[in-house]
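The values are calculated or read from the model by the stated rules, or taken from the named source; none is laboratory data. Note that the structure is a prediction, hence the values are computed from the model and not measured. Using ideal geometry, Cβ is built from the backbone for each residue, glycine included, and neighbour counts are taken over all protein chains shown.
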């Protein structure tokens, strides 16, 4: 995982956008896009990362201190809001198109050249989404990234940002 991409995710979040790594986030979790498409609607109301960790540790909500349990509930609610914002920002056709552009045929491997981050915002007044490819000084697009961009230009035109770090 790229530390510069993790820094960019934090920067976008501080500036009011929701963002997530297209491959895996800093905790190794595959992210909202994969989760949104793979889950049935009734499954979207649980926050899978912390639920998975608790399950693996054999911890139930009954055995957690109240402040930890409260934090988990807040995190779950925030995750649900972020997933819903992504679904709304992309729309159903956009969600399918972005998913097809990001994932290879088996839905578990990321296509070669996919940008680092998917960024979105959905409020009552505005909605937008874009991919962000993060580059450190002296870095440039790899051939697979340029190829991916060319293959998906119709989708990403106006929805692609090359983020250069100083």
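Working carefully through the options 119, 110, 102, find the one that is closer than 16 Å to residue 87 by Cα, at pLDDT below 90 and touching a strand residue (DSSP E or B) at 6+ places or on another chain (Cβ under 7 Å).
Within the list 119, 110, 102, the selection yields 102.
Checking residue 92 against (1) within 18 Å of the chain's Cα centre (by Cα); (2) part of a loop (DSSP other than H, G, I, E, B), which test does it fail?
The failed condition is (2).
Can you confirm whether the range 52-70 contains a residue that is in contact with a helix residue (DSSP H, G or I) (Cβ under 9 Å, 6 or more places away or on another chain), in a loop (DSSP other than H, G, I, E, B) and modelled with pLDDT of 65 or more?
No, the range 52-70 has no match at all.
What about residue 98, is it closer than 19 Å to residue 9 by Cβ and not in a helix (DSSP H, G or I)?
When the stated conditions are applied, residue 98 does not pass them.
Which numbered condition trips up residue 48, out of (1) touching a helix residue (DSSP H, G or I) at 6+ places or on another chain (Cβ under 9 Å); (2) surrounded by 14 or more Cβ atoms within 10 Å (Cβ to Cβ); (3) modelled with pLDDT of 65 or more?
Against the list (1) touching a helix residue (DSSP H, G or I) at 6+ places or on another chain (Cβ under 9 Å); (2) surrounded by 14 or more Cβ atoms within 10 Å (Cβ to Cβ); (3) modelled with pLDDT of 65 or more, residue 48 comes up short only on (3).
Quick check on the range 129-151. Is at least one of its residues assigned to a loop (DSSP other than H, G, I, E, B) and under 19 Å from the mean Cα position of the chain (by Cα)?
There is no residue in the range 129-151 that is assigned to a loop (DSSP other than H, G, I, E, B) and under 19 Å from the mean Cα position of the chain (by Cα).
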